[in-house]
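To start, the structure itself, in structure tokens.
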Amino acid sequence: MVYALFMCGRFTQNLSWAEIHRLADLVGQPRNLAPRFNIAPTTPIEVIRAADAGNELVPMYWGLVPSWWKKPLKELPATFNARAETVAERPMFRGAFKYRRCIIPASGFYEWTGAKGAKTPHYFTSRDGRPLALAGIWDHWSGLDGGDDLPNATIIVGAANGWMQSFHDRMPIILDWRDAGAWMTGESADALLRSPPDDALREWIVSTRVNKAGAGDDDPALIEPIGNA
């Protein structure tokens, strides 16, 4: 399936347990995290959520599926993003926003510029080299017949900062890791749903192979500058 090039519709997770443990104070047993370089909606992603014992890193389906959803997944509208301006009010997202916030750690994300049919992919990552803490919400769905639980999550997007506006008018909500706990426990939502500083990210053009959802998902060459791709 080909997804529209929508902010934020493709990202990467090239993460180490040790670094995420340090940034998010994780509980649980360490595990190897397979690097991903072309994550598309409806595939598994790593998500940090608050639990009784502490913050845990768990795999989830990318796309918010509310627990009350009574139709097949194929009839679900695109829910891999939630708009910061309406996430607290839209029926699809408001329950999760109120009770189940999460952090989606990302090494970077993609955005495209140019005319339809000739899109140029750009890769965005942090200037300091640390993983990005993307604000998200999560839910769980047990299918039409109360089957196996499907934990799922979405990325919240807001208005682009001044630097990002030359590429797109939207961008993921990127939190300071020091605010991760406050976000997941439901504090200060309005203050945290803001664009990052203009100097938070860096960018370069990458191979058009990323234009196809899932292509090269295990290939680190996908994020190399186009001159080396």
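The values are calculated or read from the model by the stated rules, or taken from the named source; none is laboratory data. Because the structure is predicted, anything quoted here is derived from the model rather than measured. In this analysis, Cβ positions are derived from the backbone assuming ideal geometry, glycine residues included, and neighbour counts consider all displayed protein chains.
Things worth noting here:
- Subset of segment 179-208 [basic (Lys, Arg) and modelled with pLDDT of 95 or more]: 202
- Of all residues in segment 129-149, exactly one satisfies the criterion of being in contact with a Ser or Thr (Cβ under 6 Å, 6 or more places away or on another chain) and free of Cβ contacts under 8 Å to residues at least 24 places away in the same chain, namely 149.
- Exactly one residue among 223, 137, 155, 174 is surrounded by 14 or more Cβ atoms within 10 Å (Cβ to Cβ), under 17 Å from residue 23 (Cβ atoms), hydrophobic (A, V, I, L, M, F, W, C) and at pLDDT 95 or above, and that residue is 174.
- Condition met for residue 98 (free of Cβ contacts under 8 Å to residues at least 24 places away in the same chain and outside any strand (DSSP E or B)): no
- Matching entry among 10, 100, 94, 36 (being farther than 15 Å from residue 152 by Cα and more than 12 Å from the chain's Cα centre (by Cα)): 36
- Matching entry among 144, 192, 175 (being within 24 Å of residue 55 (Cβ to Cβ), over 14 Å from the mean Cα position of the chain (by Cα) and not small (Gly, Ala, Ser)): 192
- When segment 187-220 is filtered for residues that are surrounded by fewer than 18 Cβ atoms within 10 Å (Cβ to Cβ) and in a strand (DSSP E or B), the ones remaining, listed by number, are 202, 203, 204, 205.
- Subset of segment 61-87 (residues that are within 16 Å of residue 147 (Cα to Cα) and either within 14 Å of the chain's Cα centre (by Cα) or not polar (S, T, N, Q) (or both)): 61, 65, 66, 68, 69, 70, 71, 72, 73
- Tabulated pairs, segment 105-128, first in contact (Cβ under 8 Å) with a residue 40 or more places away in the chain and in a loop (DSSP other than H, G, I, E, B), second surrounded by 23 or more Cβ atoms within 10 Å (Cβ to Cβ) and among the hydroxyl-bearing types (Ser, Thr, Tyr), C-beta under 9 angstrom, 6+ apart or interchain: 107/12
- Residue within segment 177-186 that is under 23 Å from residue 36 (Cα atoms), acidic (Asp, Glu) and not in a loop (DSSP other than H, G, I, E, B) present: no
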